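Each reported figure results from applying straightforward, stated rules to the coordinates on display, with no laboratory input. Just so it is clear, the structure is predicted and the values come from calculations on it, not from any experiment. Glycine also receives a Cβ, built like all others from the backbone with ideal geometry; neighbour counts cover every protein chain displayed.
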């Protein structure tokens, strides 16, 4: 059942704060109820144990019920073959009903800060939005020596990419950016309002705020409103199911710097939920949407479930220790497990979209995988945008237009797409439960208990969070110590670094001489 996502007032209504007794709850590490552990498997695909000795360990010989088969890296197996022996972490179920809510709140004013990317509201906003995006050191990671070139480089890239980005935005609405049902920004406000309602229904009189990383309302604007409202307990909830340095990490680092410089915020009790992909409500909400869309196919059991996640550069995972890939793979497995409970046994795969630039990103790539699936005889494909909780250009233009067209050209006859979660009632209710369950740990300065799968951390612990993932999960591949030269795929990272170095040299010459094409184009002012 979908909640009404129609037009609502974007501002949260003022509320009267009711006082109750202020008994304190001991600050303990989070607790999770684990339903079960299971072995990783490939749903709907029979894995032949007699794999030929000349087949790579990253390949499996697979055959599903529709009869087509093949030997393919990463099309069915998202992990190396030996990882099929590793047990996954268990699903986290809601425990909010176990908490004495009145004693958790007391006389405090509770706030929830939702963090997200943000997006342009008009076509004129596209270029400055892109500038804010590429000026983020967590998006374009320059060596410390060249950090002074961050903004000139961001200006160059944003001006160069703005025309193509405008075309993409125009194809999904043109200048009609203020339609509340059209794009991600308005959807986030509606999600915030639905979350506020759900919290009140659960006897938590909280205010919910929205802070965007790269466009209005900026995180700084949300923080100023939080201060004006006198919030004393704050739960920070990034609207990204899986944690990544480039999404939740970037937003949390910005928030950390804001807190560090403000005496009021330094003393505010707070906690952060950096990822929540393993929560039962989220998993069931995703399964609900997938099940509903499968029913639209003429032969649902033959439809390939195609999870498409937003990609990140491979170096984020291999060098910086980003847990995004591991969390994404685990998320897919949990969703498939839920579908299996409903007797939905379909072949599925995971790929990564939206790569840019010359460096290698997480693989397999969505476009290449679609072509490969077409060659293998897949005729029905259901795309699932697993990274996104609201609709925006990556779903409405990249998936619905570009990838659909590519799929049809590749021989896939039936195409379907699962909508973003939006205001799905199970999803919103589970977010409210996550907030309530975090209240006992507001102010606790303990890095998350990752073994319990309940990721609660304070601001300032982003680096510690990554360190814990690296040491506890032991799933991250070792850093590449020697890079190849040339034009091979294994040399992509080094080639990308060489290209970036060349761009940096050109920018240094531009800045020092005051002449060059950036000055001629008006991107940099003449001295």
What are the extents of the Cα atoms of the stretch 283-336 along their three principal axes, listed from largest to smallest and rounded to whole Å? 45, 19, 13
What does the convex hull of the Cα atoms come to per residue for the stretch 247-302, in Å³? 116
Highest mean first, how do 353-361, 320-328 rank when packing is the count of other Cβ atoms within 10 Å averaged over residues? 320-328, 353-361
Cα-Cα pairs in the stretch 280-417 separated by more than 26 Å, as a whole percent of all pairs, come to 21
In the stretch 379-427, what is the volume of the convex hull around the alpha carbon atoms, normalised per residue and reported in Å³? 66
Angstrom value of the Kirkwood radius, inverse mean 1/r, which spans all Cα pairs in the stretch 185-262: 13.5
